[in-house]
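Student: Quick one: the structure is below, and I'll ask about it shortly.
The values are calculated or read from the model by the stated rules, or taken from the named source; none is laboratory data. No experiment lies behind these values; they were computed from the predicted model shown. A quick note on method: Cβ atoms are made from the backbone with ideal geometry, for glycine too, and the neighbour counts reach across all protein chains shown. For accessibility, only protein heavy atoms count, side chains too; no ligands or nucleic acids. Shrake-Rupley method; radii C 1.70, N 1.55, O 1.52, S 1.80 Å.
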Amino acid sequence: MNEQEVLYTMALTRMTGFNFQTALQLYRELGGGRAVYEHRLDIRDVCPDCSERLTRSLQDWDLALARAEEELAFMEKHHIRALCLGDADYPQRLSETPDAPIILFFMGSADLNGRRIINIVGTRHCTTYGQDLIRRFVSRLHELCPEVLIVSGLAYGVDICAHRAALSIGYDTVGVLAHGLDDLYPSCHRDTAKEMLQQGGLLTEYMTHTQPDKRNFVKRNRIVAGMTDATILVESAAKGGGLITCGIAQSYDRAVFAFPGAVGSTYSEGCNNLIRDNGAGLIANADDFVTAMGWQTDMARIKAESDGIERNLFPELSEEEQKIVNLLDEMGDLQQNILSVRSDIPIGRLIAVLFELEMKGVIRPLAGGAYHLLK
């Protein structure tokens, strides 16, 4: 993304009064921040739904652009990358959500569009039981699936335990922040954050000088849920931020899992309730998780690649089946109706094709009518 587009996209977030949903609507309808600026005087002609207040506020961009230029200078000095919605490096999973940020700020080395990405969340009062669960889960997951990016919020408790477990085992790990990259909250996690810059990174939708207000943490959760394949709840009281992340992940039709805990335990109550209400799949270890996600082939594929052997992990496919596999491989998880349009296979016939692929162990259905390619 060119510098001018980044500048106008940053300014747009301020022009809309930090109403990120409004900024997203304008950005998507007009195709970018610069395009919104170019239509600032006739915005109602291209976006008839714009309110009178918003129409007036979009007239004068001087202050917003000056602030964006200040931010751009800070980014250049500190090697911060801007990822605008639509960029190749923008988290593609997140871009599919209805409330994706139009711009993200990233420091680090991680691939935000890696093959496998999960988040681990839970209470800020992580018990010894929860800490042990995280260590064992991450260690075993690394044995089964060496290429996984671990995402969390760098908060106290489960979050920081997840980041540190990932670092210790060799996984990249990304912390999603509720403030700008000029500060770190909580400050006691600064050393861990520095390690993450070399083995993962820090990500936020907020510009510098943004305070870590409570509402920012709630908004931050949608990024944690949206940029990942699955949400894993380790420990949670009956109410908490981890449960909010699980709810958001469910709304995005993403997989949600929870570790059960002892009946009556304060910090297992949220997990147990979520499992009871069918809001999360029960897992006891990484093997359960990998099986549920259909990631069992990772070790075989990686071994084949390291041995320099080309292997076809799929059985023989018909022309129509191969079409579906190619689409899912290229575009990721897709809804049944989208597959029908893209493949030009009538929906009645497509259902039969999808069933055959499922029986052959090539795909698996997800919640919400989407299909996932098992690689």
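Student: Determine which member of the set Gly281, Gly294 is at pLDDT below 95, touching a strand residue (DSSP E or B) at 6+ places or on another chain (Cβ under 6 Å) and open to solvent by less than 30 Å² (accessible area, probe 1.4 Å).
Tutor: Checking each option against the conditions leaves just Gly294.
Student: Now for a separate question. Counting only residues that are part of a helix (DSSP H, G or I) and farther than 23 Å from Gln131 by Cα, which one in the stretch 221-246 is nearest to the chain's Cα centre (by Cα)?
Tutor: For the stretch 221-246, the residue satisfying everything is Gly226.
Student: When residues of the stretch 134-165 are filtered for being part of a loop (DSSP other than H, G, I, E, B), open to solvent by 40 Å² or more (accessible area, probe 1.4 Å) and of a type outside the set (Ser, Thr, Tyr), how many remain?
Tutor: 2
Student: Can you tell me how many residues within the stretch 166-206 are surrounded by fewer than 24 Cβ atoms within 10 Å (Cβ to Cβ), of a type in the set (Gly, Ala, Ser) and assigned to a helix (DSSP H, G or I)?
Tutor: Going through the stretch 166-206 one residue at a time, the tally reaches 3.
Student: From the list Leu63, Leu24, Leu112, pick out the single residue that is exposed (fewer than 12 other Cβ atoms within 10 Å of the Cβ) and either of a type in the set (A, V, I, L, M) or under 18 Å from Val176 (Cβ atoms) (or both).
Tutor: Leu63
Student: Filter the stretch 333-368 for residues that are out of contact with any Asp or Glu (no Cβ under 8 Å at 6 or more places or on another chain), part of a loop (DSSP other than H, G, I, E, B) and open to solvent by less than 50 Å² (accessible area, probe 1.4 Å) and give the result.
Tutor: Gly361
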